[in-house]
Amino acid sequence: MKRNSNIVTFGGNPVTLLGKMVKSGNHAKNFIATTPDFKPFRLSDHQGKVRIISSAASVDTDVCAEQTRRFNLEASKLEGIQVIHITCDLPFALKRFCAAEGIDKIITVSDHKDTDFGVKYGFLIEEYRLLTRGIVVIDQFDMVRYVEFVKEVSEHPDYDKALAAASELV
């Protein structure tokens, strides 16, 4: 498995990302994750739509929780764009968080079981078995059109840039 070092830091310390880092212009790889109700989620089930994949470490941290809430708020304004928020949280934690926070406009999924997204897109932090923070925008034809790997896991992604990139595709 390919290892990418010194690209992202966690608490100021460099971490190793596993897998091949996705780049704009790549074909979007299908991945399987788990819904809060323990059902399989496949990216391929959402073909034909513009998709924003919002990756975060855990909804139990302030920045990740804010990222989830922000995309849920933005999703209510987006026509023809599906937002998928993925972490390595257990499905139980995602379900509890979404219920408590009223998260109902985005799809939340867990990459905990197989880390399929993390490895295929290069977002899996080897040292912690968590996903790094970032955003991937995929067009209706399964081409990656925008990618952001946030340099420091505790910082926010560029929401406006990602939303603009997705809106241009609709």
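Taking a point 7 angstrom from the Cα of Thr9 along the C-beta vector, which residues in region 125-164 have backbone N less than 20 Å away? Of the residues in region 125-164, 125-135, 148-158 have backbone N under 20 Å from the label point off Thr9.
With both residues required to sit in the chain, DSSP beta bridges show an antiparallel share near 70%.
In loop segments of region 1-106 as defined by DSSP, the chymotrypsin sites (Phe, Trp or Tyr not before Pro) with at most 14 further C-beta atoms inside 10 Å of their C-beta are Phe38. Counting DSSP beta bridges with both partners in region 70-150, what percentage is antiparallel, nearest 5? Approximately 65 percent, going by the DSSP bridge assignments.
Radius of gyration over Kirkwood radius for region 1-55, both on Cα atoms: the Rg/Rh ratio is 1.04. If you run the Gaussian network model on the chain, springs between alpha carbon atoms under 10 Å, then out of Ala56, Ala33, Ala65 the most flexible one is Ala65.
Under the criterion of Cα pairs below 8 Å and six or more residues apart, the relative contact order for region 1-144 equals 36 percent. Region 104-157 and region 1-59 have Cα centres separated by 3 Å.
If exposed means no more than 16 neighbouring beta carbons inside 10 Å and the site is in a DSSP loop, what's the longest run of the chain without any exposed GluC sites (Glu not before Pro)? That gives 1-78 as the longest site-free run.
Cross-link partners for Lys151 among the lysines, with Cα-Cα distance under 20 Å and sequence neighbours closer than 8 places in the same chain left out: Lys2, Lys20, Lys23, Lys120, Lys161. In the chain, helical runs assigned H by DSSP with n ≥ 4 each contribute -39500 (n - 2.57); averaged across all residues and rounded to the nearest 500, the mean residue ellipticity at 222 nm is -7000 deg cm²/dmol.
Evaluating kT/(6 pi eta Rh) at 10 °C and 1.306 mPa s, with the Kirkwood radius of the chain over Cα pairs in the Stokes-Einstein relation, gives 102 µm² s⁻¹.
A short reminder: the numbers here are calculations on the coordinates, not readings from a lab. Predicted, not measured: the structure shown is a model, and the values here were computed from it. Methodologically, a virtual Cβ is constructed for each residue, glycine included, from the backbone with ideal geometry; neighbour enumeration extends over all protein chains shown.
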